[in-house]
Protein chains: 2
Amino acid sequence: MAKLIATLGTSPGGVFETYVNLTSGNYEGENAVPADITEVYVIRTTDKSVEFAWKLVKAIFACCKGEGVNLADIPIPIQDINSTQDFKVFKSGVLSRISVGDYVDFTGGRKAMGVAAALSARERGAHVLTTIIPQGEYNRISEEIKGLTSKENLVEMAGKGNCSEVKDVICRLVSKNARTVLLY
Amino acid sequence: MAKLIATLGTSPGGVFETYVNLTSGNYEGENAVPADITEVYVIRTTDKSVEFAWKLVKAIFACCKGEGVNLADIPIPIQDINSTQDFKVFKSGVLSRISVGDYVDFTGGRKAMGVAAALSARERGAHVLTTIIPQGEYNRISEEIKGLTSKENLVEMAGKGNCSEVKDVICRLVSKNARTVLLY
């Protein structure tokens with residue numbers, strides 16, 4: 001049993017795909033076997049557009065076959081990494097959540113968030129991985145998300161399992177061709 | 001004396017700004033004093049658009065007060081980081097160039113390149129830093145670059161010090177409001 005700890009930016013892209021690929025053994029890396037992930041921690045800033053991305057992640061897990069896993073929201077109290085202090089706050093927030101053998105995914109969020117997450121993972125003896133979403137699909141998904149910003153209530157309901165009204169569009173936010181690469 | 005080792009993506013943004021801010025002591029970090037940088041290593045992939053970004057960096061250093069520093073091109077023989085193998089090749093390319101006390105800037109390039117550079121820096125006991133370019137300026141600079149793609153010959157000449165024909169536009173590629181943040 002291990003946790004998947006994923007950074008999140010303004011797009012939900014990556015978290016669910018990493019979870020699915022990791023637990024099914026469908027990733028690149030030495031001895032790629034299905035990982036036993038029972039918890040997914042989503043590490044994010046408190047920026048408004050990132051809050052919305054978190055609601056989308058929650059809806060995706062609730063409506064698109066993500067049941068059976070505990071999804072935890074870990075908001076770090078910064079808006080962005082704009083200073084040494086922001087970096088320290090973010091990094092200590094990530095570091096304190098990682099245990100040996102966990103999987104740390106730096107796909108989402110700013111480059112400095114990815115650096116903080118990867119350094120923390122290595123300090124703790126955790127795995128480091130990322131998921132590559134083809135640019136064309138990434139652009140399509142970004143457009144779909146724009147269409148959902150006016151439906152925040154429906155997205156929140158979907159996050160609680162009331163998927164019927166938005167299930168189709170929510171599940172179109174999942175990349176079909178995402179490749180997950182284990183680096184450590 | 002130390003080297004500045006910077007990753008480069010499809011935009012030249014960051015390398016020159018980091019160099020100027022670092023050598024003038026105009027950066028955020030504990031005991032921020034002017035750093036004695038005599039060499040700048042630009043680490044990049046061999047992708048075509050990244051090659052062009054390198055030519056722009058060379059022109060910026062040659063035409064916009066970057067004289068007195070040795071600028072070295074370090075192309076790593078991959079197109080992008082799409083696999084564990086690409087990551088390994090890129091990381092070992094960075095790692096082998098870093099000495100204790102060097103400054104490693106992960107501003108340019110893909111997130112996985114930034115992760116490789118930051119991990120390498122920490123392994124070697126080098127500093128880690130990044131430069132933040134305001135989004136509006138970044139967009140303006142991206143537009144200016146598009147206008148230069150048809151003038152690759154002039155950009156190459158500028159890189160050799162023949163600046164007269166493109167100096168104005170080349171130096172407009174330098175952000176005036178870039179902030180450099182030393183993380184380690």
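The values are calculated or read from the model by the stated rules, or taken from the named source; none is laboratory data. Remember, it's a predicted structure, so these values are computed and weren't measured experimentally. Note that each Cβ is placed from the backbone with ideal geometry, even for glycine, and that neighbours are counted across all protein chains shown. Accessible surface areas use protein heavy atoms only, side chains included; no ligands, DNA or RNA. Shrake-Rupley method; radii C 1.70, N 1.55, O 1.52, S 1.80 Å.
All conditions in (1) closer than 23 Å to B:V174 by Cβ; (2) open to solvent by less than 10 Å² (accessible area, probe 1.4 Å); (3) within 14 Å of another protein chain (Cβ to nearest Cβ) hold for B:Y138, with the sole exception of (2). Consider A:A59 carefully, then state whether it is of a type in the set (A, V, I, L, M) and in contact with a Gly (Cβ under 9 Å, 6 or more places away or on another chain). Considered against the rule, which asks whether it is of a type in the set (A, V, I, L, M) and in contact with a Gly (Cβ under 9 Å, 6 or more places away or on another chain), A:A59 comes out as yes. Filtering the stretch A:21-36 to residues that are away from chain B (no Cβ under 14 Å) and over 13 Å from A:D105 (Cα atoms) leaves A:T23, A:S24, A:G25, A:N26, A:V33, A:P34, A:A35, A:D36. Can you find even one residue in the stretch B:104-114 that is over 28 Å from A:Q85 (Cβ atoms) and among the hydroxyl-bearing types (S, T, Y)? No, because not a single residue in the stretch B:104-114 is over 28 Å from A:Q85 (Cβ atoms) and among the hydroxyl-bearing types (S, T, Y). When every residue of the stretch B:50-58 is checked against the conditions, none turns out to be of a type in the set (D, E) and within 13 Å of another protein chain (Cβ to nearest Cβ).
Every listed requirement among (1) closer than 12 Å to B:T7 by Cα; (2) touching a residue at least 40 places away in the same chain (Cβ under 8 Å); (3) away from chain A (no Cβ under 14 Å) is met by B:L129 save one, (3).
Note on the stretch B:19-40: residues that are aliphatic (A, V, I, L, M) and open to solvent by 30 Å² or more (accessible area, probe 1.4 Å) total 3.
Listed conditions (1) away from chain B (no Cβ under 14 Å); (2) among the basic types (K, R); (3) within 28 Å of B:N82 (Cα to Cα) are all met by A:K151, apart from (3).
Do you know which residues across the stretch B:39-65 are more than 22 Å from B:T149 (Cα to Cα) and at pLDDT below 95? Residue satisfying the conditions is B:K65 alone.
Every residue, every condition in (1) in contact (Cβ under 8 Å) with a residue 60 or more places away in the chain; (2) among the acidic types (D, E); (3) open to solvent by 60 Å² or more (accessible area, probe 1.4 Å), yes or no:
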position	(1), (2), (3)
B:Q85	no, no, yes
B:V100	no, no, yes
B:D105	yes, yes, no
B:A121	yes, no, no
B:G125	no, no, no
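When B:I43, B:I76, B:I60 are checked against the criterion of being aliphatic (A, V, I, L, M), crowded, with 23+ Cβ neighbours inside 10 Å and over 19 Å from B:A178 (Cα atoms), B:I43 stands alone in meeting it. Cβ-Cβ distances below 8 Å connect the following pairs, each with a first residue in the stretch A:6-18 that is open to solvent by less than 10 Å² (accessible area, probe 1.4 Å), a second residue that is acidic (D, E) and modelled with pLDDT of 95 or more, and a separation of six or more residues or different chains: A:A6/A:D105; A:T7/A:D105; A:G14/A:D105; A:V15/A:D105; A:T18/A:D105. Inside the stretch A:66-115, residues that are more than 21 Å from A:E17 (Cα to Cα) and within 14 Å of another protein chain (Cβ to nearest Cβ) make up a count of 17. Taken over the stretch A:155-177, the residue count meeting the criterion of being assigned to a helix (DSSP H, G or I), open to solvent by 40 Å² or more (accessible area, probe 1.4 Å) and touching a residue at least 12 places away in the same chain (Cβ under 8 Å) is 2.
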